[in-house]
Amino acid sequence: MTFGQVLGHDRQKDLLRRAIASGRLAHAYLFYGAEGIGKRLIALAFVRAVFCQNGTGCGTCSACRKVDHYNHPDLHILEPDGATIKIEQVRAIQKELSFRPLEAPKKICLIDSAEKLNPAAGNALLKTLEEPRGEALIILLSSQKERVLPTIRSRCQQIPFHALSRPLLQQALQEKLGLNESQGHILAALSEGSFKKALGKDKDLFLEQRRELLKSLTALSPGSIIALFKLAEELSSDKERFQEILELFQAFYRDLLLHKQGMPENELVNIDLLEKIHRVAKRESISTLLAKLEAIAVSRRQADRNVNKQLAMEVLLMRLAA
Ligand SMILES: [Zn+2]
């Protein structure tokens, strides 16, 4: 991808473009910011722009194509092996970086999930960062910057990345997935500015079944125990989707709360269910909504552990129906 093909992050792109144009690249960069917002794509576009035979990251020269296919001899990618990045991996990269570049003006090492460098690996890497060689460039990526060794951070030029704005994400989702405006809005609102998250969402559940699901949920009353147990059984039978169903409940109750507090409708997730939101919000108060959101949060935490899902859902539905 070229810089232009990656969504958003205009300031970061500018800064990197100017660094290349002026020949003043840092020896090491740390790109940090939430998961799935495009740091790695920008890093790869950056590598392409540095390596490109036409100097633009054109996408058609052999250097660009090799970067795209991850087979450029001067691009080295370091990723966690299991839970951590180990010292042997860092040593192997250091050996590579000690040679001259084969085809490109520089050798670049991209370290993904830099917070996973274990202490020994981090200290080994530090040596390379302390004695930079002119032809080596290191790009670290992290969604948990504070967990990267401070001594490593301080030797990098740090570039923050921010979540994509909702309108930008919405527009891209509509174009990419052929969604209509309200579908794009809902998916973007549920994805917290992460394109990766948006693309990973189960669209059938989040766009179509959501309406049915919220209908069944809001139809429950404290007295309808049989209906409540039946719904709990249904919702907990799909273990894979359990967490996502809770996420939908959370978004709905959050909408009710925002509506209650007079937020503009465009801030809500369920923009296609405004009538329901108005109706249900009438029978709730701020404090009942906060209690229900807390109950959902508890269930979400429980769902990560190995609890009985059906029982957890029954308890939650009773609280939500109250
Ligand atoms: Zn090119």
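Taking Asn180 as meeting all but one of (1) surrounded by fewer than 16 Cβ atoms within 10 Å (Cβ to Cβ); (2) touching a residue at least 12 places away in the same chain (Cβ under 8 Å), write down the number of the exception.
(2) is the only condition that Asn180 fails.
Do the conditions hold for Lys106, that is, is it surrounded by 13 or more Cβ atoms within 10 Å (Cβ to Cβ), farther than 20 Å from Ala28 by Cβ, assigned by TED's automatic domain parsing to the domain that holds Arg147 and within 16 Å of the ligand (Cβ to nearest atom)?
On the way: surrounded by 13 or more Cβ atoms within 10 Å (Cβ to Cβ): yes; farther than 20 Å from Ala28 by Cβ: no; assigned by TED's automatic domain parsing to the domain that holds Arg147: yes; within 16 Å of the ligand (Cβ to nearest atom): yes.
Judged against the criteria, Lys106 is not a match.
Look through the stretch 73-99, keep the residues that are in a loop (DSSP other than H, G, I, E, B) and more than 16 Å from the ligand (Cβ to nearest atom), and return whichever of them is nearest to Ala120 (Cα to Cα).
Of the stretch 73-99, the ones in a loop (DSSP other than H, G, I, E, B) are 73-74, 79-80, 82-83, 86, 98-99.
Then drop every residue that is not more than 16 Å from the ligand (Cβ to nearest atom), which leaves 79-80, 82-83, 86, 98-99.
On the way: Glu79: 16, Pro80: 14, Gly82: 16, Ala83: 14, Lys86: 7, Ser98: 20, Phe99: 23 Å.
The selected residue is Lys86.
Quick check on the stretch 129-160: of everything there that is among the β-branched types (Val, Ile, Thr) and in a helix (DSSP H, G or I), which residue is nearest to the chain's Cα centre (by Cα)? I'd like the intermediate steps shown before the answer.
Let us first name the residues in the stretch 129-160 that are among the β-branched types (Val, Ile, Thr), namely 138-139, 148, 151-152, 159.
So of that shortlist, the ones also in a helix (DSSP H, G or I) come out as 151-152.
On the way: Thr151: 26, Ile152: 23 Å.
My answer is Ile152.
Between residues in the stretch 111-127 that are without any contact (Cβ under 8 Å) to a residue 40 or more places away in the chain and on the phi < 0 side of the Ramachandran plot and residues that are of a type outside the set (Ser, Thr, Tyr) and surrounded by fewer than 20 Cβ atoms within 10 Å (Cβ to Cβ), which pairs lie under 6 Å by C-beta distance while being six or more apart or on different chains?
The qualifying pairs are Glu115/Gln144; Glu115/Arg147; Lys116/Pro80; Ala120/Ile87; Ala121/Lys86; Ala121/Ile87; Gly122/Leu149; Ala124/Ile87.
Which of the following residues is under 23 Å from Glu35 (Cα atoms), modelled with pLDDT of 95 or more and under 29 Å from the mean Cα position of the chain (by Cα): Ala163, Ala114?
Details: Ala163 fails: modelled with pLDDT of 95 or more.
After ruling out the rest, the residue left standing is Ala114.
Within the bounds of the stretch 48-67, is there any residue that is within 16 Å of the ligand (Cβ to nearest atom), without any contact (Cβ under 8 Å) to a residue 24 or more places away in the chain, assigned to a helix (DSSP H, G or I) and surrounded by fewer than 17 Cβ atoms within 10 Å (Cβ to Cβ)?
Looking through the stretch 48-67, at least one residue is within 16 Å of the ligand (Cβ to nearest atom), without any contact (Cβ under 8 Å) to a residue 24 or more places away in the chain, assigned to a helix (DSSP H, G or I) and surrounded by fewer than 17 Cβ atoms within 10 Å (Cβ to Cβ).
If you check Tyr70, Tyr29, which single one turns out to be exposed (fewer than 15 other Cβ atoms within 10 Å of the Cβ) and either touching a residue at least 40 places away in the same chain (Cβ under 8 Å) or more than 10 Å from the ligand (Cβ to nearest atom) (or both)?
On the way: Tyr29 fails: exposed (fewer than 15 other Cβ atoms within 10 Å of the Cβ).
Within the list Tyr70, Tyr29, the selection yields Tyr70.
So Thr2 ticks every box in (1) touching a helix residue (DSSP H, G or I) at 6+ places or on another chain (Cβ under 7 Å); (2) at pLDDT 90 or above but one. Which box is left unticked?
So the condition that Thr2 fails would be (2).
This table checks each residue for (1) touching a strand residue (DSSP E or B) at 6+ places or on another chain (Cβ under 6 Å); (2) surrounded by 20 or more Cβ atoms within 10 Å (Cβ to Cβ).
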position	(1), (2)
Leu78	yes, yes
Ala83	no, no
Ile93	yes, yes
Phe99	no, no
Asp112	yes, no
Leu117	yes, yes
Gly134	no, no
Ser143	no, no
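The values are calculated or read from the model by the stated rules, or taken from the named source; none is laboratory data. Only a predicted model underlies this, so the values are computations on that prediction, with no experimental measurement involved. Quick reminder, even Gly has a Cβ in these numbers, built from the backbone with ideal geometry, and neighbours come from all protein chains shown.
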